[in-house]
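S.K.: Have a look at this one.
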Amino acid sequence: MKAYSKTIFRMVSHNKGRFLANFFICLISVFVSSGLAGCPDSFEESYVLGYDDNPPDLIVKSTGESGLTEENLAVLKGIDGYQDSFSFFSYDFSPNDDETYYRVYLVDFADMGMAKPLAEDYPAALDEVVAISGVGEYEVGQALGFDPLQAVTDSIKEQAGDMAAMFAFPEAGDYKIVSIATNSLYRCTAPETAMIDSEEDRYVEGVFYLDRQYLSGVVPDFLAPMVDVDSFFPYTDCYLSFSHEAKYMSEDYDEQMEKKAEEVKSLLGDAVEVLTLQENTSYAMFDYYNDKVRGISLVIPFFFIVICALINLITMQRLMKDERSEIGCYASLGFQKRSIAFKFLFFAFFSAATGCLAGYLTGTPLLPLLLYPAYDSVFRMGEFAISFFTLAGILIAVGVVLVSLFVTTYIALAYLREVPAELLKEKAPKPGKKIYLERIKPLWKRISFSWKSSLRNIFRQKKNLILTTLSVIGGTVIVMLGFALNDASSAMVDDPLFGRVASSMGSISAVIILLAIALAVTVIYSLANMNIEDRKREIATLKVLGYHNVECSLYTFREIIFIVILASILGVGVGTGVVYWAFDFLQFGELGDVQWYSYLASPILIIIATVLVNLLLSPHIAHIDMNSSLKQLD
């Protein structure tokens with residue numbers, strides 16, 4: 001291996017702290033970004049896999065009392081792409097004319113090929129029913145306290161007159177639940193809206209299936225030739241399915257079914273109402289929920305990537321500052337600028353690329369797996385669809401690497417503009433200047449020497465101050481955004497339609513908060529560790545002068561603590577604006593939903609993380625050799 005190549009790997013070996021700082025920042029950023037980017041597609045695929053009972057593409061509902069005629073059904077079968085259909089009787093009703101509504105399906109289970117409830121037992125008599133899980137709380141063997149066919153049977157008995165007593169219709173209390181079944185049209189914990197004319201939304205408390213084939217058994221044999229009970233239960237609904245290659249939940253599928261719905265409407269006119277799956281509560285709620293997560297996956301990664309770029313800028317800037325004389329040596333020996341820059345570009349690329357690769361390979365499958373229970377608590381999901389490929393995740397990872405290379409190139413070009421003779425000289429530290437606080441003499445006189453020194457150091461290195469402040473502000477904003485999403489979710493818990501859906505968003509916001517804190521800890525650890533590395537000689541000198549380890553630690557860490565406190569407070573102001581924009585972008589929540597303690601918790605968590613990091617790094621200062629103060633650069 002050539003001598004120059006060896007120096008590249010030696011630089012990586014001698015700067016493990018900076019390498020790991022860049023690595024972990026990129027890892028966390030891409031872990032979150034690629035993981036969130038992959039969530040919507042992964043969960044959508046999982047939801048589609050849950051369609052295990054052949055859901056209909058369209059639901060045609062009769063708007064007239066006579067229901068769907070044989071002619072209507074024949075017309076539907078003639079539509080291009082027609083595959084299958086199933087007709088049945090259904091209605092929503094309130095047995096006591098109060099606000100409690102139920103939905104009843106009278107179907108022929110033997111012929112039912114679409115959206116058939118997946119039950120262990122099916123009715124063996126007219127008084128046995130199947131209840132759909134997730135809509136109300138029912139148990140097998142439970143009796144219904146109402147007659148699900150009462151609205152129709154009362155009309156039949158009224159027309160039958162004196163012969164009504166001969167009909168063997170079950171009475172309220174005779175109906176028993178024989179099975180609790182799942183159904184592809186009822187896969188959400190959000191309540192179903194009753195299909196009734198009302199100025200206010202009314203919700204269905206239970207959905208029940210009865211078997212139509214047992215209707216004939218309610219009529220005495222001698223009346224059977226004269227009474228057709230089926231005629232009192234017309235086909236009010238028809239499920240339709242069409243041949244298509246488009247996947248459920250896709251834009252192509254929704255557009256195709258919208259066109260089919262328009263075609264059905266044009267053929268049957270006002271006699272029917274046509275519903276697509278987009279009007280199905282579960283389908284629509286999942287689309288709404290997934291759309292919010294997709295929006296979050298666009299908002300959150302931006303801040304992680306910005307913080308990643310800032311830390312990379314600080315890391316490479318300090319690395320090149322330490323390698324300044326070596327850059328001058330290479331330049332004086334005739335090395336081309338691109339060869340010199342390659343050394344640092346390799347460091348940036350290697351640390352960022354390995355971090356991004358690790359973040360992508362872990363975040364893409366793991367973050368959706370962590371958030372999957374939040375979805376599964378709201379929707380009946382199918383098998384978890386894990387994928388190691390997400391285009392958005394790959395683009396984000398590549399983008400982070402390119403940003404790292406761009407930042408490194410920018411800094412390298414700034415150094416390579418200088419003449420070798422200047423680069424070979426140790427750059428003199430910036431001269432101390434009076435800060436504005438010194439003008440307040442009564443206050444300045446009361447400040448101790450070590451604090452005066454720390455305050456001067458903070459404002460002398462303005463570039464580091466700005467970059468560090470921006471990094472901490474970014475971390476505070478992400479934490480605050482996580483709390484804001486949780487508060488907005490809590491504010492919607494009482495909403496009967498979005499309550500459960502919104503409450504599960506708390507799980508997502510909790511993951512965002514934890515990852516944001518992890519990023520903040522990594523950022524602060526990296527900044528504090530680099531601060532120690534850059535000031536080893538200064539700390540060693542303080543030890544020679546008689547400062548204890550605790551005093552040296554306080555001297556070193558009070559600067560980062562001061563910056564973090566200032567930046568986290570500023571982050572609350574910036575975060576408020578970001579939360580307002582994010583809520584407007586997501587169409588979810590309002591700024592007024594954010595609780596007062598969320599404004600406090602965000603900076604406090606960042607400050608606590610800073611204190612803990614400083615405690616972890618204190619042993620590093622204790623191990624600094626005092627002889628380092630005597631080692632001067634030539």
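S.K.: Can you tell me which of (1) closer than 24 Å to F208 by Cα; (2) out of contact with any helix residue (DSSP H, G or I) (no Cβ under 8 Å at 6 or more places or on another chain); (3) at pLDDT 90 or above is the one S66 doesn't meet?
M.R.: Status for S66: all satisfied but (3).
S.K.: Taking segment 395-420 only, how many residues are more than 13 Å from G38 (Cα to Cα) and open to solvent by 80 Å² or more (accessible area, probe 1.4 Å)?
M.R.: Selection size over segment 395-420: 6.
S.K.: Could you say whether any residue in segment 174-194 is within 23 Å of E99 (Cα to Cα), hydrophobic (A, V, I, L, M, F, W, C) and open to solvent by 20 Å² or more (accessible area, probe 1.4 Å)?
M.R.: Among the residues of segment 174-194, not one is within 23 Å of E99 (Cα to Cα), hydrophobic (A, V, I, L, M, F, W, C) and open to solvent by 20 Å² or more (accessible area, probe 1.4 Å), which makes the answer no.
Here is a yes/no grid of residues against (1) in contact with a Phe, Trp or Tyr (Cβ under 6 Å, 6 or more places away or on another chain); (2) open to solvent by 60 Å² or more (accessible area, probe 1.4 Å); (3) not in a helix (DSSP H, G or I):
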position	(1), (2), (3)
K265	no, yes, no
A284	no, no, no
K292	yes, no, no
L298	no, yes, no
F302	no, yes, no
G328	no, no, no
S339	no, no, no
L345	no, no, no
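S.K.: Further question on the same structure: Exactly one of (1) open to solvent by 20 Å² or more (accessible area, probe 1.4 Å); (2) assigned to a helix (DSSP H, G or I) is unmet by S387. Its number?
M.R.: Result: S387 fails condition (2) only.
S.K.: For A392, indicate whether it is within 30 Å of S325 (Cα to Cα) and open to solvent by 20 Å² or more (accessible area, probe 1.4 Å). Walk me through it before giving the result.
M.R.: Details: within 30 Å of S325 (Cα to Cα): no; open to solvent by 20 Å² or more (accessible area, probe 1.4 Å): yes.
Spelling it out, it is not the case that A392 is within 30 Å of S325 (Cα to Cα) and open to solvent by 20 Å² or more (accessible area, probe 1.4 Å).
S.K.: Output the residues belonging to segment 408-445 that are modelled with pLDDT of 80 or more, assigned to a helix (DSSP H, G or I) and over 41 Å from the mean Cα position of the chain (by Cα).
M.R.: Filtering segment 408-445 down to residues modelled with pLDDT of 80 or more leaves 408-417, 442.
Going one step further and asking which of them are assigned to a helix (DSSP H, G or I), we end up with 408-416, 442.
Scanning segment 408-445 gives Y415, L416, P442.
S.K.: Could I ask something else about it? If I go through segment 610-623 residue by residue, how many of them are modelled with pLDDT of 85 or more and either touching a Cys at 6+ places or on another chain (Cβ under 9 Å) or small (G, A, S) (or both)?
M.R.: Summing the residues that are modelled with pLDDT of 85 or more and either touching a Cys at 6+ places or on another chain (Cβ under 9 Å) or small (G, A, S) (or both) in segment 610-623 gives 0.
S.K.: Still on this structure, I have one more. Residues of segment 554-592 being of a type in the set (S, T, N, Q) and in contact with a Leu (Cβ under 8 Å, 6 or more places away or on another chain), which ones? Steps first, answer last, please.
M.R.: Step one: filter segment 554-592 for residues of a type in the set (S, T, N, Q), giving 556, 568, 576, 587.
Matches in segment 554-592: T576 only.
S.K.: Test each condition in (1) open to solvent by less than 30 Å² (accessible area, probe 1.4 Å); (2) of a type outside the set (S, T, N, Q); (3) touching a residue at least 60 places away in the same chain (Cβ under 8 Å) for M112 and report the one that comes out false.
M.R.: Among (1) open to solvent by less than 30 Å² (accessible area, probe 1.4 Å); (2) of a type outside the set (S, T, N, Q); (3) touching a residue at least 60 places away in the same chain (Cβ under 8 Å), the lone unmet condition for M112 is (3).
S.K.: Being among the small types (G, A, S) and either out of contact with any Gly (no Cβ under 6 Å at 6 or more places or on another chain) or open to solvent by 10 Å² or more (accessible area, probe 1.4 Å) (or both) is the filter here, so list the residues in segment 468-497 that pass it.
M.R.: S471, G474, G475, G482, A484, S490, A491
The values are calculated or read from the model by the stated rules, or taken from the named source; none is laboratory data. Worth saying up front: this structure is predicted, and the values here are computed from it rather than measured. FYI the Cβ positions are ideal-geometry reconstructions off the backbone, even for glycines, and counts take in every protein chain you see. Remember, those area values only see protein heavy atoms, side chains included, never the ligands or the DNA or RNA. Shrake-Rupley method; radii C 1.70, N 1.55, O 1.52, S 1.80 Å.
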